[in-house]
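Enquirer: Can you read through this structure? Questions will come right after.
The values are calculated or read from the model by the stated rules, or taken from the named source; none is laboratory data. Remember, predicted model here, so these are calculated numbers, not experimental data. A quick note on method: Cβ atoms are made from the backbone with ideal geometry, for glycine too, and the neighbour counts reach across all protein chains shown.
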Amino acid sequence: MISGAVYGHTNLIARDWKASSRFYQDLFGCVPVPPVRDFKGPDLELGTGISGAELRGEHLRLPGHGPEGPTLEIFNYNILLEAPEAAVNRPGFGHIAFIVDDVPAAREAVLAAGGKSIGEVVTLTNALGKRLTWVYVTDPEGNVIELQSRPK
C-alpha cells in the first residue's frame, strides 16, 4: 500500500471550462476553490508531454464532504484532441456519480441545462439487497454522469 494515500481530485477537460464549472455549480452545488489555475511553460510541457501546452480552469469542491473534501478539477487546454462519443462501457474512467433526492427530477434538470439522456431511470436491488434508483445522463460537453438515490 502507498503510504499516506488520500483521494484528492478528479480532472475533467472541457472545451469551455467556465460553462462546465457553472453547470456543476448550478446543478450539484459544487463550490469553486480559488484561485483560477493558469499554467504554461516548460514544466507544464514536460509534465504533460504536450509541446506548447497551456491550461486554465479551476477546482470545484464536491458536495457532501466538507471544506477539505475532494474536488472536481475542470481545465481547458489550448490544444485539444477530439473527444469520442460518450459511452458508459468504454474502458477507462466511466462517469462521475451524484447522489440526489429525486433521480427523475435531477435527470430533467440536467436535460434542461443542456445535458443529454443516455438511458432510462431504473430501480434495482443492489448487491446489499437495497433498492437503488439511477440513470445515466451527460453534461453539456458529453461527459457521463450517474444520478442515483440513496439505497433504501
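Enquirer: Of the residues that make up region 30-40, is at least one at positive phi and not aliphatic (A, V, I, L, M)? Full working, then the answer.
Expert: Here is the first cut: in region 30-40, the residues at positive phi are none.
Within region 30-40, not a single residue is at positive phi and not aliphatic (A, V, I, L, M).
Enquirer: Looking at this structure, is V110 part of a helix (DSSP H, G or I), within 16 Å of the chain's Cα centre (by Cα), over 22 Å from Y7 (Cβ atoms) and of a type in the set (A, V, I, L, M)? So that I can check it myself, show each step before the final result.
Expert: Numbers: part of a helix (DSSP H, G or I): yes; within 16 Å of the chain's Cα centre (by Cα): yes; over 22 Å from Y7 (Cβ atoms): yes; of a type in the set (A, V, I, L, M): yes.
Spelling it out, V110 is indeed part of a helix (DSSP H, G or I), within 16 Å of the chain's Cα centre (by Cα), over 22 Å from Y7 (Cβ atoms) and of a type in the set (A, V, I, L, M).
Enquirer: Failed condition for T71, given (1) polar (S, T, N, Q); (2) surrounded by fewer than 14 Cβ atoms within 10 Å (Cβ to Cβ); (3) closer than 17 Å to N143 by Cα, with all others met?
Expert: Of (1) polar (S, T, N, Q); (2) surrounded by fewer than 14 Cβ atoms within 10 Å (Cβ to Cβ); (3) closer than 17 Å to N143 by Cα, only one is false for T71: (2).
Enquirer: Let me ask you something else. Tell me, which residue of region 1-52 that is among the polar types (S, T, N, Q), more than 30 Å from V110 (Cβ to Cβ) and in the same structural domain as G66 (by TED's automatic domain parsing) is surrounded by the most Cβ atoms within 10 Å (Cβ to Cβ)? Full working, then the answer.
Expert: First pass over region 1-52, keeping only residues among the polar types (S, T, N, Q): 3, 10-11, 20-21, 25, 48, 51.
Still in the running and more than 30 Å from V110 (Cβ to Cβ): 3, 48, 51.
So of that shortlist, the ones also in the same structural domain as G66 (by TED's automatic domain parsing) come out as 48, 51.
Values: T48: 13, S51: 8.
This residue is T48.
Enquirer: Just the residues that are among the β-branched types (V, I, T), assigned to a loop (DSSP other than H, G, I, E, B) and closer than 30 Å to N76 by Cα, please, taken from region 113-143. So that I can check it myself, show each step before the final result.
Expert: Taking region 113-143 as the starting set, the residues that turn out to be among the β-branched types (V, I, T) are 118, 121-123, 125, 133, 135, 137-138.
When the remaining residues are screened for being assigned to a loop (DSSP other than H, G, I, E, B), the result is 118, 121.
If the condition is that a residue be among the β-branched types (V, I, T), assigned to a loop (DSSP other than H, G, I, E, B) and closer than 30 Å to N76 by Cα, then I118 is the only one that fits.
Enquirer: Here's another thing I want to ask about it. Residues in region 57-65: is at least one outside any strand (DSSP E or B), over 13 Å from the mean Cα position of the chain (by Cα) and surrounded by 11 or more Cβ atoms within 10 Å (Cβ to Cβ)?
Expert: First, the residues of region 57-65 that are outside any strand (DSSP E or B): 62-65.
In the following step, the residues that additionally are over 13 Å from the mean Cα position of the chain (by Cα) were identified as 64-65.
Those still in the list that are surrounded by 11 or more Cβ atoms within 10 Å (Cβ to Cβ) too: 65.
Checked against the condition, which is being outside any strand (DSSP E or B), over 13 Å from the mean Cα position of the chain (by Cα) and surrounded by 11 or more Cβ atoms within 10 Å (Cβ to Cβ), region 57-65 yields at least one hit.
Per-residue answers, yes or no, for (1) under 18 Å from S20 (Cβ atoms); (2) modelled with pLDDT of 95 or more; (3) assigned by TED's automatic domain parsing to the domain that holds P35; (4) not aromatic (F, W, Y):
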site	(1), (2), (3), (4)
E58	yes, yes, yes, yes
P63	yes, yes, yes, yes
P70	yes, yes, yes, yes
S117	no, yes, no, yes
E120	no, yes, no, yes
L128	no, no, no, yes
V137	yes, yes, no, yes
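Enquirer: Report, by residue number, each residue of region 117-142 that is surrounded by 14 or more Cβ atoms within 10 Å (Cβ to Cβ) and of a type in the set (D, E, K, R).
Expert: D139, E141
Enquirer: List the residue pairs whose Cβ atoms are under 7 Å apart, where the first residue sits in region 7-28 and is on the phi > 0 side of the Ramachandran plot and among the small types (G, A, S), the second is in a strand (DSSP E or B) and surrounded by 15 or more Cβ atoms within 10 Å (Cβ to Cβ), and the two are 6 or more positions apart or on different chains.
Expert: Partner pairs satisfying both residue conditions: none exist.
Enquirer: Now for a separate question. Checking A86 against (1) exposed (fewer than 12 other Cβ atoms within 10 Å of the Cβ); (2) under 12 Å from D139 (Cα atoms); (3) among the small types (G, A, S), which single condition isn't satisfied?
Expert: (1)
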